[in-house]
Every structure is written in C-alpha cells, then in structure tokens.
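Asker: The structure follows.
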Amino acid sequence: QAQLVESGGGLVLAGDSLRLSCVHSGRTLTRNTLSWFRQSPGKEREFVAGTRSDGATYYSDSVKGRFAISRENARSTVFLQMNNLKPEDTAVYYCASIAGYCSGTSCWDRRLYSYWGQGTQVTVSS
C-alpha cells in the first residue's frame, strides 16, 4: 500500500554531514509514525530515529545529539539530518512506516513497521 523512497546517501568523510529524504505516498504523513533504520553488513537492522504523528521524536543513543529527524507534511517527506558522521554510521539507511497510529513510548520497535523503502547507502570514510 504505502510507498517510501529514500534519497540523499553518499560517500563522505568523518565529520561531514548528510541529509536524507524519504518521500512517502499512499499514506498520510500526519497520521503515521515514520522512522529511520539502518543496516550494515553482518549486523541486524537497527532503529536510528523516529517521529510520531503528534510530532514527538526519539533517537537511538548512538545518534543523539548528531542526528535530527523532521517531517514536511506538505511535501509528504521525512528527513534525517546527519551531522558529525562517523565511520560506524556507515550503513544502508531505510525509512519505514507503521501501518497504524502508534502512540505512547512503544513506537520504535522495528517489528511494528509494515512499510519500508529500498534504502540509501551512506558510507563514511576516515
């Protein structure tokens, strides 16, 4: 049903910044919890940052203070601003959406997410 398309990845040096974008169609951004996940070779896909329909945001400890998630409802787009990138941030980044209308503090489990984009590669070299 929902379609998510990520863009903005690339090859950067440690300390650089990137801004990822995810265009969401088929669902209404204002009604959905939207999050970013990432996966590197040999590792499980992990939660990075998310934003609830009420605007609340949540970040994994590894990116707090460096990454910021935001949404632009008029363009059906969610962003991930990534600052001070580190080599350990290297991964394929995916945006994903919960099908329902999640609330509370349990909206960040990847098992809840039904719709996923194809991913965009972020590579940070040192």
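Asker: For residues in the stretch 49-66 being open to solvent by less than 10 Å² (accessible area, probe 1.4 Å) and within 23 Å of residue 11 (Cβ to Cβ), which is farthest from the chain's Cα centre (by Cα)?
Answerer: 63
Asker: Please go through the stretch 67-126 and pick out each residue that is among the aliphatic types (A, V, I, L, M) and open to solvent by 20 Å² or more (accessible area, probe 1.4 Å).
Answerer: Once the filter is applied, which keeps residues that are among the aliphatic types (A, V, I, L, M) and open to solvent by 20 Å² or more (accessible area, probe 1.4 Å), the stretch 67-126 yields 68, 74, 92, 99, 112.
Asker: Output the number of the condition that residue 36 fails; it satisfies all remaining conditions of (1) surrounded by 12 or more Cβ atoms within 10 Å (Cβ to Cβ); (2) in contact with a Leu (Cβ under 8 Å, 6 or more places away or on another chain); (3) over 14 Å from residue 120 (Cα atoms).
Answerer: (3)
The values are calculated or read from the model by the stated rules, or taken from the named source; none is laboratory data. Everything numeric in this text was worked out from a predicted model, so none of it was measured. Backbone-built Cβ (ideal geometry, glycine too); neighbour counts: all protein chains shown. Ligands, DNA and RNA are excluded from the accessible area calculation, which covers all protein heavy atoms including side chains. Shrake-Rupley method; radii C 1.70, N 1.55, O 1.52, S 1.80 Å.
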